[in-house]
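Colleague: I'd like to ask some things about the structure below.
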Amino acid sequence: MSNLFERLRRLFHFYTGELNYNEFHKLVKRDVPDVYDFYVRRMKKPEKSRNRVFDFILFSRNLFLEFLNLLTPGRRIIYSLGLILFILAYFGNDWGFAVWGFILINLLVAFELADKLTAKDELEVAREIQMNMMPGVPPENKYYQISCYMATAREVGGDYYDFIQPEPGNDKTFVVIGDVSGKGMSAALLMVQIQSILHHIVSKESSPKAILNALNANLKRVLRKGSFLTLSIAELNSGGEIILSRAGHMPLLHFNKAEGKCTRITPGGIGIGLADDLLFSNFTEEVLIKPQSGDLFIFFTDGVVEAMDSYYRTFGEENLTRLICNNSEKSAEEVRDVIINAVGNFTYTSPVQDDLTLIVMKAI
């Protein structure tokens, strides 16, 4: 009897050992809608009639046909045979058909699972490559403490940050943070191209505005129709001043220690890929910032302020500003950790919806 209880305990642990509320919440709130959207986007859209029941039947039929169409021919046959055997078992009251149908359906699930795990392994490699292309540790700077963080909503993402020095030993450093429209592999591949082009431009241009203008001109051959990039680039010059330009990106938040308040710095600019060169250049502005010791500067992507809880409430810029003000005496790394933990606690029961990137600088 004790052996039976031990086996039942192991079986229970096998099914529930890694089970938690977040897993169910992710399944219902993200995975199911994502799967539904995946098939609906691809299926043939039925014409609407005045009969709702007929519309539902037609929609369900098209959705099922699209599911079958996306299976490989061999797996389509296996699935159809399994389905036919289940129907025969039901109407013929023959468990033999049901057993064979069960075997065929599980065989199909095994094939699909193997494909998914293989693709996941490849995505993990892609994620590792992408993360290795980002600077793991910020550069040393005699005027600032610098700390950074990036997390992707999926295995790979479209957020980007970088610290670029035009020449070795040059006191000038460009701090870059950006966000490509979209998520996943397509956004990640585009971001790799953007990084390569940007590094080439920085070696030739000397100011943030000139760099953004050149980037907009060069990305016409890379960006697909409907895609765009938001980017902020800040030059940290040899005197510790900041020259900032922004291409439609989130504002730079500046905590002024002398005044004890946080302000938004938003020089004019529109997203890269949304306008021709002349219009883009006319809208792009540069601002000069002369920080004092103890001032904080927060660069971030929309994944920070648009992070949502289970009630679809966003974290918001107001919460972010309050955190900065309340923790202004801490180091750049500590402020970064406070923000990350606050966002994590806020979205604890909700799946991550967007990539999240953060750069914190504190004037020494």
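The values are calculated or read from the model by the stated rules, or taken from the named source; none is laboratory data. Remember, it's a predicted structure, so these values are computed and weren't measured experimentally. Cβ placement follows ideal geometry from the backbone for every residue including glycine, while neighbour counts extend to all protein chains displayed. Ligands, DNA and RNA are excluded from the accessible area calculation, which covers all protein heavy atoms including side chains. Shrake-Rupley method; radii C 1.70, N 1.55, O 1.52, S 1.80 Å.
Colleague: Could you grab the pairs with beta carbons closer than 7 Å, sequence gap of 6+ or different chains, first residue in region 52-64 and free of Cβ contacts under 8 Å to residues at least 24 places away in the same chain, second one open to solvent by less than 100 Å² (accessible area, probe 1.4 Å)?
Modeller: Between residues of region 52-64 that are free of Cβ contacts under 8 Å to residues at least 24 places away in the same chain and residues that are open to solvent by less than 100 Å² (accessible area, probe 1.4 Å), the close pairs are Asp55/Pro46; Asp55/Ser49; Leu58/Pro46; Phe59/Pro46; Asn62/Met43; Asn62/Pro46.
Colleague: Continuing with the same structure: Take the residues in region 281-313 that are of a type in the set (S, T, N, Q) and surrounded by 15 or more Cβ atoms within 10 Å (Cβ to Cβ); name whichever of them is farthest from the chain's Cα centre (by Cα). Reasoning before the result, please.
Modeller: Filtering region 281-313 for residues of a type in the set (S, T, N, Q) gives 281-282, 284, 292-293, 301, 310.
Of the ones still in play, those that are also surrounded by 15 or more Cβ atoms within 10 Å (Cβ to Cβ) are 281, 284, 301.
Values: Ser281: 28, Thr284: 26, Thr301: 10 Å.
Selected residue: Ser281.
Colleague: Given the condition touching a residue at least 40 places away in the same chain (Cβ under 8 Å), part of a helix (DSSP H, G or I) and within 24 Å of Pro138 (Cβ to Cβ), answer yes or no: does some residue in region 326-334 qualify?
Modeller: Yes.
Colleague: Specify the residue that is most open to solvent (accessible area, probe 1.4 Å); the eligible residues are those in region 103-144 that are in contact (Cβ under 8 Å) with a residue 40 or more places away in the chain and closer than 30 Å to Pro73 by Cα.
Modeller: Leu123
Colleague: Moving on. May I ask you to say which residue of Gly248, Gly226 is closer than 20 Å to Ala275 by Cα, open to solvent by 60 Å² or more (accessible area, probe 1.4 Å) and touching a residue at least 12 places away in the same chain (Cβ under 8 Å)?
Modeller: None of the other options fit; the residue is Gly226.
Colleague: I need a count of the residues in region 251-280 that are in a strand (DSSP E or B) and either more than 17 Å from Asp179 (Cβ to Cβ) or open to solvent by 10 Å² or more (accessible area, probe 1.4 Å) (or both). Walk me through it before giving the result.
Modeller: At the first step, the residues of region 251-280 found to be in a strand (DSSP E or B) are 252-256, 261-265, 272.
Remaining after also requiring either more than 17 Å from Asp179 (Cβ to Cβ) or open to solvent by 10 Å² or more (accessible area, probe 1.4 Å) (or both): 254-256, 261-265.
Selection size over region 251-280: 8.
Colleague: Of the residues Tyr160, Tyr149, only one is surrounded by 19 or more Cβ atoms within 10 Å (Cβ to Cβ) and part of a strand (DSSP E or B); which? Break it down stepwise before answering.
Modeller: Values: Tyr149 fails: surrounded by 19 or more Cβ atoms within 10 Å (Cβ to Cβ).
Answer to the selection: Tyr160.
Colleague: Please enumerate the residues belonging to region 349-364 that are assigned to a loop (DSSP other than H, G, I, E, B) and open to solvent by 10 Å² or more (accessible area, probe 1.4 Å). Give the steps one after another, and end with the answer.
Modeller: First, the residues of region 349-364 that are assigned to a loop (DSSP other than H, G, I, E, B): 349-355, 364.
Answer for region 349-364, where residues must be assigned to a loop (DSSP other than H, G, I, E, B) and open to solvent by 10 Å² or more (accessible area, probe 1.4 Å): Thr349, Ser350, Pro351, Val352, Gln353, Asp354, Ile364.
Colleague: Of everything in region 282-305, what is under 20 Å from Glu235 (Cβ atoms) and part of a helix (DSSP H, G or I)? Give them in sequence order.
Modeller: Within region 282-305, Phe283 is the sole residue that qualifies.
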